[in-house]
Amino acid sequence: MFVSTMDRRKDFLKLRPTPLSPGCLVRPIAPTRLPGRYLAHQKSLPRLPVPPLQQTLERYLLALEPIVSQEELESTRLIVKEFGQRGGVGERLQASLERRARKTENWLCDWWLRTAYLEYRLPVVIHSSPAVLLPKQDYYDRQGQLRFAAKLISGVLDFKAMIDNETLPVENLRGNPLCMNQYYQILSSCRTPGPKTDSVVNYSQTKNPTHITVVHNFQFFELFVYNSDGSPLTVDQIYMQLEKIWHSSLQTNKEPIGILTTGHRNSWANAYNNLIKDKVNKESVKCIQRSIFTICLDAPVPKVSDELYMSRVMEQMLHGGGSRWNSGNRWFDKTLQFIIGEDGSCGLVYEHSPSEGPPIMALLDHVFEYCKNSVMVRSPMIPLTMPRKLRFNITPDTKRDIEKAKQNLNMMVHDVDIKCFTFPQFGKDLVKSWKLSPDAFIQLSLQLAYYRIYGESCATYESASLRMFHLGRTDTIRSATIESSAFVCAMDNQQLQNQEKVALLRKAVAAHTSYTDTAVRGQAIDRHLLGLKLQAIEDLVRIPEIFMDTSYAVAFHFNLSTSQVPAKTDCLLCFGPVVPDGYGVCYNPMDAHINFAVSAFNSCAETNAAKLTHYLEQALIDMRDMLPLTPSSKL
Ligand code: COA
Ligand code: HC5
C-alpha cells in the first residue's frame, strides 16, 4: 500500500517538511484545500447521491421485518405509505434534500459530523472514542518504554511527511479510488467542548504546529520534534528529550487535569470555561489542542493472567482504567493519543469526529513497520532545549470539577465490560475458499450467536464506508435481514438436513454482500432516512409520523453495533456499545485467525461480553463444520 521505505526516505530528504496539509475548521467541514495531486484526485470523486425515495421506503420495510412484530410492521406499512404518497410530505422533503445535494459538496457530511459527534452529549470516552491495542512489545522497563515511544514518534512524523509531501497513495475499495480527506484531519487537530455543541479544529494550516504533547504522571509537556532547519529530530534525540520529561515529572501527586475531558460534554464545557478563565491554563490547553498528537507514557498497572491480559490492557487503551490508574494521563479531546506502557503494552485511543478507523489503521500499520525497522543511531550532540512543562493553576472550582469528573469516570469504568479474544481456528482464507465473503460470514456468526442467546434478532449496525464519494463518511449495513433470520432459525432445527442449512447460509451471505454493495454505493437507507428527518426539522412544523413510530425507534436501537476495521498489523480494536442494553463488536479479520473485541455494560443484566464471545466462537465453529472440507481446512 505504501511506497517503499527507501523511496520515502529519498523523498523525505529531498523535501523539507513544510507542512502543506490543508488545515481547516472541521466543523462545518470546509471544502478541503488539498494541495496539487490530491486536489485533482478529490475533485475527480463522485458526489454522494440522494437515493430514490421509494427505494428507501421499500428497503426500510424489508429491514424491519426481522426485528419488529407483525402487528407493528402492519401499522408501519400504513405510515410509510402515507409518507411516500404522491405529492406527500416525503416527496417534499426529498426535493429539499436533492436541492441541498446540488448546493453542497456533500449533503450529509456536516449533518453527520454534528449529529453523530459534536452534538452528542455523552462522554467521548467509552461512548465514542475507539481504541486500538497493538501487539505487545518486547520491553519491560522505562528505558524500553521511552525507546519505543521515540521510534513511534519518529514513525508518525515519517507518515506525516507522506501526507505533507503528497506521497501517500490513494486507497481504493473494490477498485474505486477513495476520498483521502480524513488523512488531512487526523494530525494537529482537537475537539473542544461547548454548551450545546462541540467543535473540532484542525490547526495544521493555520498554526503549522511543530510540537507534540507528552504526558507522564498526569503532567503535560510540549516537545518540539523538528530542528530549526525543518528536519525531524532523530529517534535518539527524541529519546533524550523523553528522558528529560520523564525525570522532571516524577512527582505523582499532581492533579489529573486530563480527567476533565472524560466528562459528559455539558459538564466538561462548564469545567472548560472555568479552566480557561486563567491565562496560564488557557495557554496550556491551546498547546495541547494545537500539538500534532499526544504521547501518553503510562504508569504500570497490576499484572494479570495471560488469559485476562488482552482485555485488561484494552481497557487501558479505551479509558485508562479510572482515576487511580491512567485516565488522567490523557486528553480525550485530542484526535490522536498513542499510549505506551512500561510493560511492552501499547496502542492508541482516538477522538472519532475527524476520521473513520481505516485511515488511523493505515497510519498505525506504517508506524508499526517503521518501529520494527528503525534502529537507534547516535546523533550529534546538539544541545536541545528542555521540553516545556505545561502549567495549570487549579482554582477551587476546577478542583471541584476534577473531583466530579473522577467520580463519574470511575462509575463508567466499572460499568464497562470488555472481552478481547483471538479466534484461532480460521480466518479470511478459509472463508474465501468456500467462495463466501469473510465479512458477511462473520456478521452471520454474530447473528447466530445473538439468536442463540436471545431467541430473536435485533437491529444490527455495521459500518460501511462512503469514502468512494467526496467527503464521504459512513452508512449502515443492516446485518439482520430476512435471509439472516431464516438462517439462524434453521441452524438448530434438527428436522433440517445440513444441505438445507448450507443453502440458507449461502443465501444469507449473498443478501449481506449485496446490501454491502448497496451501502458503499450510497444507496443504503440509514443516512437517507436521517437526511429526510433533519430536513423535516429544518422545513416543517411537525415531525412526520414515520420518525415517531415505534418501529423507527426499534430500527435505530442498535443492540449490536459492529464494525470491521482491517489492519495489516495483528491488532485488536474496540469501542463501547451505543445503547445501554447493547454490545459493541469490532473485528479485524486476518488470513488465518480473527481478532475480536466485544463490549457491554455491567449495569445491564441481559448483556454479558464473555457470554456473547463464547456463543460467537461456537457459532463460527458450527458454521465451519457445516461447510465442505477444503484443502486448506484439512490442514
Ligand atoms: N469468494 C472469495 N473471496 C471473496 C468473496 C467470495 N465470495 N467475497 C469477498 N471475498 C474476498 C474479497 O475479494 C476480499 O479479498 P482481499 O482480502 O484480497 O481484499 C476479502 O474477501 C474481504 O472481502 P469481504 O470480507 O467481503 O469484505 P470487504 O473487504 O469487501 O469489506 C466492508 C466489507 C463493509 C467492511 C467494507 O466495504 C467497508 O465499508 N469497510 C470500511 C468499514 C469502516 O469504515 N469501518 C470503520 C468505521 S470507523
Ligand atoms: C479503531 C476502530 C474504529 C472503529 C470505529 C467505528 O467503527 O465507528 C463507527 C463509525 C461509523 O460511522 O459507523 C461507529 N460505531 C463504533 C458505532 C460502529
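The values are calculated or read from the model by the stated rules, or taken from the named source; none is laboratory data. This structure is a prediction, so every number in the text was calculated from the model and none was measured. Neighbour counts are summed over all protein chains in view; Cβ atoms, including those assigned to glycine, are modelled from backbone coordinates with ideal geometry.
Here are a few things to note about the model shown:
- Test: residue in the stretch 270-283 that is at pLDDT 95 or above and within 16 Å of ligand 2 (Cβ to nearest atom): no
- Filtered residues of the stretch 441-469 (kept if part of a loop (DSSP other than H, G, I, E, B), over 22 Å from the mean Cα position of the chain (by Cα) and buried (at least 20 other Cβ atoms within 10 Å of the Cβ)): SER457, CYS458
- LYS501 being among the basic types (Lys, Arg), surrounded by fewer than 17 Cβ atoms within 10 Å (Cβ to Cβ), touching a residue at least 12 places away in the same chain (Cβ under 8 Å) and farther than 28 Å from MET361 by Cα: no
- Those residues of the stretch 422-440 which are surrounded by 20 or more Cβ atoms within 10 Å (Cβ to Cβ) and assigned to a helix (DSSP H, G or I), in sequence order: LEU430, VAL431, PRO438, ASP439, ALA440
- Test: residue in the stretch 305-317 that is in contact (Cβ under 8 Å) with a residue 12 or more places away in the chain and assigned to a loop (DSSP other than H, G, I, E, B): no
- Residue pairs meeting the criteria (Cβ under 7 Å; at least 6 apart or on separate chains; first under 19 Å from ARG478 (Cα atoms) and in contact (Cβ under 8 Å) with a residue 24 or more places away in the chain, in the stretch 551-573; second assigned to a loop (DSSP other than H, G, I, E, B) and among the aromatic types (Phe, Trp, Tyr)): none
- Tally of residues being outside any helix (DSSP H, G or I) and buried (at least 21 other Cβ atoms within 10 Å of the Cβ) across the stretch 515-532: 3
- On inspection, ASP401 passes the criterion of being more than 16 Å from ligand 2 (Cβ to nearest atom), farther than 24 Å from LEU616 by Cα and surrounded by 23 or more Cβ atoms within 10 Å (Cβ to Cβ).
- Here the condition is being in contact with a His (Cβ under 7 Å, 6 or more places away or on another chain), away from ligand 1 (no atom under 16 Å from the Cβ) and of a type in the set (A, V, I, L, M, F, W, C); of LEU390, LEU384, LEU308, LEU297, it holds for LEU297 alone.
- Here VAL578, VAL585, VAL554, VAL541 are screened, and the one residue that is more than 10 Å from ligand 2 (Cβ to nearest atom) and either closer than 30 Å to GLN70 by Cβ or modelled with pLDDT of 95 or more (or both) is VAL554.
- Conditions (1) in a loop (DSSP other than H, G, I, E, B); (2) under 30 Å from THR115 (Cα atoms); number of the one not met by GLN494: (2)
- Residues of the stretch 539-593 classified as more than 13 Å from ligand 1 (Cβ to nearest atom) and polar (S, T, N, Q), total: 4
- Scanning the stretch 331-366 for residues that are within 16 Å of ligand 1 (Cβ to nearest atom), over 27 Å from ILE257 (Cβ atoms) and assigned to a loop (DSSP other than H, G, I, E, B) yields a total of 1.
- Taken over the stretch 76-103, residues that are touching a helix residue (DSSP H, G or I) at 6+ places or on another chain (Cβ under 8 Å) and assigned to a helix (DSSP H, G or I) amount to 16.
- Test: residue in the stretch 607-621 that is away from ligand 2 (no atom under 16 Å from the Cβ), charged (D, E, K, R) and out of contact with any helix residue (DSSP H, G or I) (no Cβ under 7 Å at 6 or more places or on another chain): yes
- Given (1) touching an Asp or Glu at 6+ places or on another chain (Cβ under 9 Å); (2) farther than 28 Å from ARG506 by Cβ; (3) small (Gly, Ala, Ser); (4) within 12 Å of ligand 2 (Cβ to nearest atom), index of the condition SER563 fails: (2)
- Selected residue (only one of ASP236, ASP229 is acidic (Asp, Glu) and assigned to a helix (DSSP H, G or I)): ASP236
- Residue list for the stretch 277-290, restricted to those being surrounded by 17 or more Cβ atoms within 10 Å (Cβ to Cβ) and among the β-branched types (Val, Ile, Thr): VAL285, ILE288
- So ASP570, is it closer than 16 Å to GLU462 by Cβ, more than 13 Å from ligand 2 (Cβ to nearest atom) and out of contact with any Gly (no Cβ under 9 Å at 6 or more places or on another chain): no
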